[in-house]
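Q: Handing you a structure now.
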Amino acid sequence: QVELVESGGGLVQPGGSLRLSCAASGFTFSVYAMSWHRQAPGKERELVAGITATGSTTNYADSVKDRFTISRDNAKNTLYLQMNSLKPADTAVYYCKAFRRFGNTNYWGQGTQVTVYS
């Protein structure tokens, strides 16, 4: 079965760093584009960053540009999000998603909590 499992969340102070991981199984990871999304309490889920299947192209929300880095290791079937210079506004549940160009099915993980608190 398809499974995406996020890990690496936690409690950090403003200015701190975290590295999130998303471990994938049950599908051909290397042909799927991947993305990170987040949802804060009472807010809509928003796109944070995306990466193509080979990792050749990335994109970021303006709110995280120059602070976050998305990457992937296709040999390990794992997606990453390096988060630096964290702010209280980054507090949210972070989810990974797998999808195909011209496809009609998205796979979602269950999320990992990131809390930025002084």
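The values are calculated or read from the model by the stated rules, or taken from the named source; none is laboratory data. Keep in mind it's a predicted model, so treat the numbers as computed, not measured. For neighbour counting, all protein chains shown are included, and Cβ atoms are generated from backbone atoms with ideal geometry for every residue, glycine included. Surface areas here come from the heavy atoms of the whole protein model, side chains and all, with no ligands, DNA or RNA. Shrake-Rupley method; radii C 1.70, N 1.55, O 1.52, S 1.80 Å.
Q: Is it fair to say Tyr117 is of a type outside the set (D, E, K, R), within 18 Å of Leu18 (Cβ to Cβ), at pLDDT below 95 and open to solvent by 60 Å² or more (accessible area, probe 1.4 Å)?
A: Numbers: of a type outside the set (D, E, K, R): yes; within 18 Å of Leu18 (Cβ to Cβ): yes; at pLDDT below 95: yes; open to solvent by 60 Å² or more (accessible area, probe 1.4 Å): yes.
In short, yes.
Q: Take the residues in segment 20-47 that are more than 26 Å from Arg100 (Cβ to Cβ) and either within 16 Å of the chain's Cα centre (by Cα) or among the basic types (Lys, Arg) (or both), then tell me which one is surrounded by the fewest Cβ atoms within 10 Å (Cβ to Cβ).
A: Lys43
Q: Go over the candidates Lys65, Lys76 one by one and state the one that is within 25 Å of Thr28 (Cβ to Cβ), open to solvent by 50 Å² or more (accessible area, probe 1.4 Å) and out of contact with any strand residue (DSSP E or B) (no Cβ under 7 Å at 6 or more places or on another chain).
A: Going through Lys65, Lys76 in turn, the sole match is Lys76.
Q: Right, here's the next one. Any chance segment 68-80 includes a residue that's in a loop (DSSP other than H, G, I, E, B) and closer than 20 Å to Ala40 by Cβ? Show your work before the answer.
A: So in segment 68-80, the residues in a loop (DSSP other than H, G, I, E, B) come out as 74-77.
Narrowing the set further to residues that are closer than 20 Å to Ala40 by Cβ leaves none.
No, segment 68-80 contains no residue that is in a loop (DSSP other than H, G, I, E, B) and closer than 20 Å to Ala40 by Cβ.
Q: Would it be correct to say that Gln13 is open to solvent by 60 Å² or more (accessible area, probe 1.4 Å) and closer than 19 Å to Gly103 by Cβ?
A: Values: open to solvent by 60 Å² or more (accessible area, probe 1.4 Å): yes; closer than 19 Å to Gly103 by Cβ: no.
Criteria not met by Gln13.
Q: For segment 79-114, which residues satisfy the criterion of being open to solvent by less than 60 Å² (accessible area, probe 1.4 Å), out of contact with any Phe, Trp or Tyr (no Cβ under 8 Å at 6 or more places or on another chain) and among the aliphatic types (A, V, I, L, M)?
A: Leu86, Ala92, Val93
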